[in-house]
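Values quoted throughout were computed directly from the atomic coordinates according to the rules given, and no laboratory measurement underlies them. From a predicted model like this one, the values you see are computed outputs, not experimental measurements. Cβ coordinates were reconstructed from backbone atoms using ideal geometry, including for glycine residues, and neighbour counts include every protein chain displayed.
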Amino acid sequence: MTSSDKTPTRTLAAAGAAALLALTGCSGGTAVFDFTEPMVEPAQSIEFRVPDELIEMSEDYAEIRVQESITVSSVESEDPSQCAVGYRFEYVDGGLERLLAYLEEEGEKDESEEERMAYALVGEPLDSIELSEDYSSAVVPVGCAVSPNDTENTVKIWFEQTPESGERSFAWAEITVMKSGDLFVHESEIIDGWQPDSDGNWIQVD
């Protein structure tokens, strides 16, 4: 990919990031989802986090995790028939640099850094999204969901890790986006069998 190829995407990214900031600033706040219990009410912005307690219990993940939090917010789509979401990524100390090095070593060699990061962060090709130069935000178009239970029109977040082998993500969630801007957590999972018991304590099951 040449530098001229990258310019339109980065210009759009700046506009998308501005839209995300404006929307977040005027919204009624951000809901927090930490994988401990289902989210029953919709929100227009959701901050995803892996609980500190679970990070401490999963020593392997604590050493190789990449993101501190991922925030997904509904933003205005350029196509009025579609929806769109904005992502914000907060990285742990050294997490972004470790992910870049990991993808350079393990990723597709014929792809640029930006292309590898687009797939790693949001699972979409670079030319279909708006990705900021510092990889702290992205805007992704998505079909508007017919209902909160729509499984066809969703976006996904996942908490990256950089293992020598095995799963690339430690936790993930799938989100539906309504035309109204309401977001619903459709499905979520912690990898490696971690789940909270009925008392809210994290346990690992086979």
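Assorted remarks:
- Rounded to the nearest 20 debye, the dipole magnitude of the stretch 3-204 is 780 debye, with +1 charges on Lys and Arg beta carbons, -1 on Asp and Glu beta carbons, and the Cα centre as origin.
- Only DSSP H runs of four or more residues enter the estimate; each adds -39500 (n - 2.57), and after division by the residues of the chain the mean residue ellipticity at 222 nm equals -8500 deg cm²/dmol.
- Dipole moment magnitude, nearest 20 debye, the stretch 95-206 about Cα centre, only Lys, Arg, Asp, Glu C-beta charged: 420 debye
- By the beta-carbon count within 10 Å of each Cβ, the least crowded to most crowded order of Val32, Val66, Val50, fewest first, is Val32, Val50, Val66.
- Hydrophobic long helices, here whole DSSP H runs in the chain with Kyte-Doolittle means of at least 0.0 and Cα atoms spread over 24 Å or more along the helix axis, are found at 3-26.
- Taking the charge dipole of the chain about its Cα centre, with +1 at Lys and Arg Cβ atoms and -1 at Asp and Glu Cβ atoms, the residue from Gly181, Tyr87, Leu100 reaching farthest to the positive side is Gly181.
- Relative exposure of Arg98, Arg65, judged by other C-beta atoms within 10 Å (fewest first): Arg98, Arg65
- Ranked packing of 152-162, 36-46, most packed first, by mean Cβ within 10 Å: 152-162, 36-46
- With an a/c value of 1.5 or above and a/b not larger than b/c for the gyration tensor axes a ≥ b ≥ c computed over the alpha-carbon atoms, the chain is described as oblate.
- Average Cα contact separation per residue, the stretch 48-185, under 8 Å, 6 or more apart, as relative contact order %: 24 percent
- Charge dipole magnitude, Cβ of K and R +1, D and E -1 - the stretch 115-156, Cα centre, debye nearest 20: 160 debye
- Per-pair calculated FRET efficiency, R0 = 25 Å: Thr151 and Asp127 via Cβ, rounded to 0.05: 0.45
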